[in-house]
């Protein structure tokens with residue numbers, strides 16, 4: 001009974017959180033009104049000089065994803081976290097950012113490599129992936145995941161997991177990309193996903209020829 005109630009609650013929270021997200025048609029219209037062309041958006045690896053913009057973007061996108069949280073993480077906290085992350089230069093992590101034609105960061109995805117002590121078939125971890133609401137449902141998130149998958153593959157990592165929350169409205173996005181739900185021993189879903197074949201994922205996230 002408790003498990004069923006929790007599933008229902010998570011589904012309701014996902015739905016409520018997702019209600020504020022614009023539709024594809026609205027976001028396409030927004031692109032036109034801003035005079036933006038998807039072909040001019042770029043995805044690149046984050047650099048230390050992106051720190052302030054990345055922290056601000058993290059604050060905004062996290063708060064938009066979890067609008068029911070009354071006290072979301074502050075800019076100061078996110079800046080400190082990213083500053084500490086950029087100090088780690090041993091190749092154990094990476095971050096891709098999506099940049100609009102004005103040079104502004106509008107999305108990012110952070111990945112973590114398996115440690116050297118883990119088995120050779122250990123999974124990479126998609127630690128974070130966020131995109132501003134006005135740029136969602138336009139294919140940019142899929143392109144971003146494709147970059148992450150290819151990065152892992154280039155380092156010999158062929159599987160990937162993501163640990164999120166079951167209330168995240170992006171669960172549908174993860175599942176649309178072939179993510180398999182991870183269940184706890186008691187059968188509960190806590191927001192985690194696994195991709196068993198990153199080559200397949202990378203292929204499904206190829207950028208259309210007209211967007212190269």
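Please list log₁₀ I(q)/I(0) at q = 0.13, 0.17, 0.22 Å⁻¹ for region 115-212, using the Debye equation with identical point scatterers on the alpha-carbon positions. The Cα Debye sum returns log10 ratios of -0.47, -0.79, -1.22.
In a solvent-free Debye calculation with one equal scatterer on each Cα, what is log10 I(q)/I(0) for the chain at q = 0.10 Å⁻¹, listed in the order of the q values? Those come out to -0.46, one per q. Look at where the Cα atoms of region 38-68 and of region 168-184 average out, and the two centres are 21 Å apart.
How do 157-169, 67-79, 136-148 rank on mean C-beta neighbours within 10 Å, highest first? Walk me through the numbers before you get to the answer.
Working: 157-169: 18.7, 67-79: 12.2, 136-148: 21.0.
So the peptides 157-169, 67-79, 136-148, ranked by packing, come out 136-148, 157-169, 67-79.
At each listed q (0.12, 0.14, 0.20, 0.23 Å⁻¹), what is the log10 of I(q)/I(0) that the Debye formula gives for region 25-129 modelled as equal alpha-carbon point scatterers? Those come out to -0.52, -0.68, -1.13, -1.27, one per q.
Give the relative contact order (percent, whole number) for region 35-155; include only Cα pairs under 8 Å separated by 6+ residues.
26 percent
Annotation: peptides 100-112, 183-195, ranked by per-residue average of other Cβ atoms within 10 Å with the highest first, follow the order 100-112, 183-195.
Read-outs: derived from the displayed coordinates by stated rules, not from any lab. Because the structure is a prediction, the values reported are computed rather than measured. Virtual Cβ from ideal backbone geometry, glycine too; neighbours counted across all protein chains shown.
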